[in-house]
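*Asks:* Submitted below is the structure of interest, expressed as structure tokens.
The values are calculated or read from the model by the stated rules, or taken from the named source; none is laboratory data. The structure displayed is predicted, hence computed values, not measured ones. Glycine gets a Cβ as well: all are built from the backbone with ideal geometry, and neighbour counts include every protein chain shown.
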Amino acid sequence: MRYARTAVVGAALFVTGCQTVSYQGNENSPYYVVPADSRLVLEHELTISGDHAAAYIQGGQVRSYRDVNPYYPYCKFEVRTRQDTAQTIQPDDFAVTRAFQETPPTVQNEPQRFDGRARLVRVSAQDSEGVSATVFATTMWLRSDRQPDVSRMTCAQWGYPPLDGHLSIAQIRKTLAGLFTLKIAR
């Protein structure tokens, strides 16, 4: 009888303990993915250079692809059409239609990086010990009736599993601060 009571109490504590570690709604958790119906609000005009289909953002600033440090959080804002001349995206409220996290497949554990033409390119990132980095990416598909050419926002960083992981919503917000506001659907 004593053992049965201990087992019941132990099971109740286990179930209760599992419920308290849930990451759903925890914007600091790398496992909490941006929910559909969230909003990504562009606060200021954003210019995409001619012959490109994306703008890179790191530390709240638009940067060239070459100036992005991939070991720190960065985001890539993409349009569907590459044009010869610069494209200006107007302030708007974009609906997040779906979002997912991925670690894109790599060849020999080499991370991939998005180039200026919205393609993945393989790059080597081995350190002096021969350990390879991995790309942790979160992609949000976007929709706007006013600007239908806008397609998605991908936020990523390179890291070393199991030490690093996907960006949290809080990290994404910090990366986009001043340009975009991410409003999470409840």
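*Asks:* Just give me the residues in the range 132-186 being part of a helix (DSSP H, G or I) and not basic (Lys, Arg), in sequence order.
*Replies:* Ile169, Ala170, Gln171, Ile172, Thr175, Leu176
*Asks:* May I ask you to list pairs of residues, at least six apart or on different chains, whose Cβ atoms are under 6 Å apart, with the first in the range 72-92 being assigned by TED's automatic domain parsing to the domain that holds Asp145 and of a type in the set (S, T, N, Q) and the second being assigned to a strand (DSSP E or B) and surrounded by 11 or more Cβ atoms within 10 Å (Cβ to Cβ)?
*Replies:* That search, which allows pairs on different chains as well, returns Gln87/Ile48; Thr88/Thr47.
*Asks:* Continuing with this model, one more query. Can you name the residue in the range 77-107 that is of a type in the set (Phe, Trp, Tyr) and surrounded by 14 or more Cβ atoms within 10 Å (Cβ to Cβ) and, of all such residues, is nearest to the chain's Cα centre (by Cα)?
*Replies:* Step by step, filter the range 77-107, then rank; the result is Phe77.
*Asks:* Please find, within the range 54-71, the residue that is nearest to Asp149 (Cα to Cα) out of those that are touching a residue at least 60 places away in the same chain (Cβ under 8 Å) and assigned to a loop (DSSP other than H, G, I, E, B).
*Replies:* Only one residue tops the list, namely Gly60.
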